[in-house]
Structures are given as structure tokens and as C-alpha cells.
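Trainee: Have a look at this one before I ask anything.
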Amino acid sequence: MSRDDDVIIIGAGIGGLTLALCLHRAGIACRVVESTPEIRPLGVGINVLPHATAVLQSLGVLDALERVSVTTREAAFFNRFGQLVYAEPAGRWAGFDAPQLSIHRGDLQRVLLAAVQERIGAASVQTGCTGVGVEDGGGRVRVRLRGPVGEALPDALGAIAVACDGIHSAVRKQFYPQEGPPRWSGVNMWRGVCAHAPFLSGATMVRAGWLSVGKMVIYPIRNDIDDARSQLVNWVAELECAEPVQRDWNGRGRLDDFYPAFAEWRFDWLDVAALIRATETVLAYPMVDQDPLPRWSFDRVTLLGDAAHPMVPRGSNGAGQAILDARFLAEQLAARGLTAEALSEYDRVRNAATARIVLMNRTNPPDAILREVHERSGDQPFARIEDVVSREELARIADAYKEAAGLRGTT
Ligand SMILES: Cc1cc2nc3c(=O)[nH]c(=O)nc-3n(C[C@H](O)[C@H](O)[C@H](O)COP(=O)(O)OP(=O)(O)OC[C@H]3O[C@@H](n4cnc5c(N)ncnc54)[C@H](O)[C@@H]3O)c2cc1C
């Protein structure tokens, strides 16, 4: 850690590792400090939309990712009685050059980490190293570090520091000490993965039900995991609650707290209740975000990914926007040098783009389709969906989100 002319990336999550790959491609030296002593495959499934997989493709890691994920074919919406409300093709099937991937977060992180270590060197990611504060002065940044048991480590000196330290970002807290904890949406999420035979197209991302009575997001994230050609299926149960569960990515959930809402969910295309019961480990996490910030960049320090714009996971955009941040920031640093000016331009463009998504995820993310059907049908089964809402109206909701999320543009 003796050099002082490179980019110090705080956090080896999805955003930090993608940034390292983008900087390396641009010929910019960087290193990553990560608080966990060992990077293990934590979390469950996430979706990466085509605007972000296009970046991963340009970085040469898409083939490796496609081998460990499911290439999503369609997004389908159902009511809580299993009736189809709306379906549309996804990724390449929707005409994008790049796919939508449904993937275990741990697999995505592992592939990115292997590429960083192979291209930049094994020592480029230093684990067991928590960034606890940054200081800017004399044309350099100083990142204060602590080891696994809280012991002080030598400071890291660099030209630029980028905080990719996730939703509990220490650097964000340093800049915004009064901000308080993430804002709870009133919904808790229980998540799990389970081996299951392929259902529907074998690559369908399902959203069903509604938050007040129980909503489910279900999709496969790995193919052919056993001799019976089962898939690893990821599910997330979402339910409005009186109290938030604990904000710990690895916190365990209790079946009694949410299963009753889904106990009757046995559709002819999937027995959801059985899927939940067959799951060994259930994780619980509150659905939280933060208000958009006025500013991410402070001289030679900036925020990226969840540290900059945590959003409720209702638009499959958390990982994707971190990846888009990384590409844009690396482009600015390549064009303007390792300067405060590059960070300010990154802030100007990406802060505005992601603030729109944070706010839209609160009000009208893609699953607003399900809210409309829930309310207009009085939470009852329907004879024909056209009697409840027209296909054109549903398509308008889906398209408005894509527009806001930049799925039709480039930033
Ligand atoms: C353990 C874990 C499990 C997750 N599981 C899910 C999931 O199941 N579903 C989902 O939708 N999203 C999950 N997420 C969040 C998801 O990865 C992010 O929303 C998204 O990918 C944006 O990525 P990011 O790089 O900004 O943040 P993250 O992917 O959260 O990465 C942040 C990284 O910074 C490290 N870090 C934190 N503080 C410090 C510090 N002070 N110094 C150094 N390093 C630090 C963390 O250990 C982590 O590696 C999870 C995140 C984590 C950390």
C-alpha cells in the first residue's frame, strides 16, 4: 500500500469490482480494500438487466457469467391466484444486444473477483481491510483502515478514493453524519433458494400477488444443478409489516412470520407453498432505501453503487446501476485524469440518472402492474384480464419504468 497515485476502491462488491475492471481496461492503476476477511458467496439471486450486462460483455466476463446463471427469457406478472396478468420478453428476447441474467449474487461477485485478480494481480484486492474514513489534502487522499478485529492498519494513500462500500457505507456517513439509518418502506422480504424442476419457460422471472396481501418474486438462477436437470430457484416473499426485520444481509428469517400469507399458493404451473417449505435457509431483510443525495463527490472522494443510491429492489436495478456508475466514472477518469473535475462530472450525470430510479422504485416500479390489478379486481380472481385493465395500460407502466431506468438510453 505504498503508492499514492492510483484509485483506491473501498468495497469489493459488485460496483467496486466492476470499477476495478473498467479502470484497468482504461490503463488506470487501482486497488480494492474489502472489509470481509474472506469473500464468500453471500446473498441470493439478483437480476442484471441488458444495459448493465452490455458493460459486463465489453469487459469480457459475460461468457463466464452466462455459464453460471440463467439467461432470462421473459418477465411475467400474475395475481395471487396464479392467473397471468401480463408477460413480456426480456433481454435478448426483447431485442437487446445483451441478455438479462438471473444470477446468484455470489456467482456474479466470484466471476468479477477472478477477473480482477487475474488481470490486475492477486494482491489488488486486500481483504480484512475496513475503510473507516477518508481525508483529502495536498492533492492526495488518505483512507484510514482497520483490520478484522478493529486494529488500526497503515493508511492507504491514493489520488482518488471511491466508496463502493454498500448500503451501510462508512464514507457516506462521514459526509452525511445527520442522515440517519436507511428508510424502511414498510415491507419486509424473506429470501431463499431451492432445487426445483424448471417451470413456465424455464427462464421466466415471475412477480405475483401484491405487497399488502403477499407478493412473490421467483426465478431460476442456475441450470442443471443435479442429474434430474433441476434448477436452483430463487424466491423472495414480500409483505407489508408493522415492524422492520433486522438490517443484516445474512439475517435468518422465521417461516411463521410470512408463510401464512402464501400457504394457499398452489398454482397449476408452480406449488409456491411447497417451494418455500422445501427451502433450507430463509434470509430476512427489510426493504429499505435512502433519499437521493445532493452530492456524491467531495474533491477527490466519491460514492458509487449502493453507497451512493441505495434503492428498494423492485426494479432489478441495484447491481445494474452500480455497474453503470462504474463504467461512467472510469470513462470520466480516463478522459479528465485522476481529478476532482472527473468526479464532479460523474456526480452531475449519474446522480441525476439514479435519483430518478430511486424515486420511481418507491412509486411506480414494474410491479405497479400488480398494484393496479390488485386494486381494480378487489383482490379477487378475474374471468378475463381485459375486464380489469387493458394490455396497453400495463405495457405503458412497464415502458415508463424502462425509460426512467435508462434501458432505452446509454446512461
Ligand atoms: C453480503 C451481501 C448480500 C447481499 N445480498 C443481496 C441479495 O440477496 N439480493 C439483493 O438484491 N442484493 C443483495 N445485496 C446487495 C447488492 O449486492 C447491491 O444492492 C448491489 O449489487 C450494488 O452493489 P454495491 O457494490 O454497491 O454494494 P455491495 O454489493 O453491497 O458491496 C459492498 C461491499 O463493500 C464491502 N464493505 C462494506 N463496508 C466496507 C468498508 N467500510 N470498508 C471496506 N469494505 C466494505 C462489503 O463487504 C461488500 O463487499 C447484498 C449485499 C451484500 C454485501
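Trainee: Pick from I14, I10, I28: which is more than 18 Å from the chain's Cα centre (by Cα), open to solvent by less than 50 Å² (accessible area, probe 1.4 Å) and at pLDDT 95 or above?
Mentor: The unique qualifying residue is I28.
Trainee: What are the residues in region 236-256 that are of a type outside the set (G, A, S), out of contact with any Pro (no Cβ under 7 Å at 6 or more places or on another chain) and under 23 Å from S169 (Cβ atoms), if any?
Mentor: Selection gives Q246, D248, W249, N250.
Trainee: Quick check: anything in region 332-348 farther than 24 Å from D5 by Cβ and not small (G, A, S)?
Mentor: The answer is yes; a qualifying residue exists.
Trainee: Mind listing just one residue for me: the one in region 306-355 that is under 18 Å from D136 (Cβ atoms) and within 15 Å of the ligand (Cβ to nearest atom) and, of those, surrounded by the fewest Cβ atoms within 10 Å (Cβ to Cβ)?
Mentor: Once the filter is applied, the top-ranked residue is Y346.
Trainee: Which residues, taken from region 231-257, are among the charged types (D, E, K, R), within 16 Å of the ligand (Cβ to nearest atom) and either assigned to a loop (DSSP other than H, G, I, E, B) or surrounded by fewer than 21 Cβ atoms within 10 Å (Cβ to Cβ) (or both)?
Mentor: Within region 231-257, R247, D248, R252 qualify.
Trainee: OK, next. Determine, yes or no, whether F77 is of a type in the set (F, W, Y) and open to solvent by 10 Å² or more (accessible area, probe 1.4 Å).
Mentor: So F77 does not fit the description; no.
Trainee: Residues of region 36-49 being crowded, with 21+ Cβ neighbours inside 10 Å and out of contact with any Lys or Arg (no Cβ under 8 Å at 6 or more places or on another chain), which ones?
Mentor: N47, V48, L49
Trainee: Now for a separate question. Residues in region 176-193: is at least one modelled with pLDDT of 95 or more, out of contact with any Leu (no Cβ under 6 Å at 6 or more places or on another chain) and closer than 24 Å to P89 by Cα?
Mentor: no
Trainee: I would also like to ask the following. All but one of (1) among the β-branched types (V, I, T); (2) open to solvent by less than 30 Å² (accessible area, probe 1.4 Å); (3) touching a His at 6+ places or on another chain (Cβ under 9 Å) hold for I120; which doesn't?
Mentor: Unmet condition: (2).
Trainee: Yes or no: Q100 within 19 Å of T18 (Cβ to Cβ) and either open to solvent by 60 Å² or more (accessible area, probe 1.4 Å) or free of Cβ contacts under 8 Å to residues at least 12 places away in the same chain (or both)?
Mentor: no
Trainee: Checking the conditions here, which among A228, A203 is touching a residue at least 24 places away in the same chain (Cβ under 8 Å), open to solvent by 60 Å² or more (accessible area, probe 1.4 Å) and among the small types (G, A, S)?
Mentor: Result of the check over A228, A203: A228.
Trainee: Go through region 146-160 and count every residue that is of a type in the set (V, I, T) and surrounded by fewer than 13 Cβ atoms within 10 Å (Cβ to Cβ).
Mentor: Number satisfying all stated conditions: 1.
Trainee: When the residues of region 50-73 are narrowed to those that are outside any strand (DSSP E or B) and in contact with a Phe, Trp or Tyr (Cβ under 9 Å, 6 or more places away or on another chain), which ends up farthest from the ligand (Cβ to nearest atom)?
Mentor: The extreme case among them is R73.
Trainee: Let me ask something additional. Name, by its number, the condition in (1) within 28 Å of P50 (Cβ to Cβ); (2) in a strand (DSSP E or B) that does not hold for L324.
Mentor: With (1) within 28 Å of P50 (Cβ to Cβ); (2) in a strand (DSSP E or B) applied to L324, the lone miss is (2).
Trainee: Next question. With respect to T411, is the statement that it is open to solvent by 60 Å² or more (accessible area, probe 1.4 Å), in contact with a helix residue (DSSP H, G or I) (Cβ under 7 Å, 6 or more places away or on another chain), farther than 21 Å from V206 by Cβ and modelled with pLDDT under 90 true?
Mentor: So T411 fits the description; yes.
Trainee: Could you check region 369-396 and list, in sequence order, the residues that are surrounded by fewer than 21 Cβ atoms within 10 Å (Cβ to Cβ), part of a helix (DSSP H, G or I) and not acidic (D, E)?
Mentor: Correct list: R371, R376, I385, R391, A395, R396.
Trainee: Grab the strands (runs of 3 or more DSSP E) fully contained in region 1-49, keeping just those with 2 or more residues being near the ligand (Cβ under 9 Å from one of its atoms) and free of Cβ contacts under 8 Å to residues at least 40 places away in the same chain.
Mentor: none
The values are calculated or read from the model by the stated rules, or taken from the named source; none is laboratory data. Remember, predicted model here, so these are calculated numbers, not experimental data. Virtual Cβ from ideal backbone geometry, glycine too; neighbours counted across all protein chains shown. These accessible areas exclude ligands, DNA and RNA; they are computed on the full protein's heavy atoms, side chains included. Shrake-Rupley method; radii C 1.70, N 1.55, O 1.52, S 1.80 Å.
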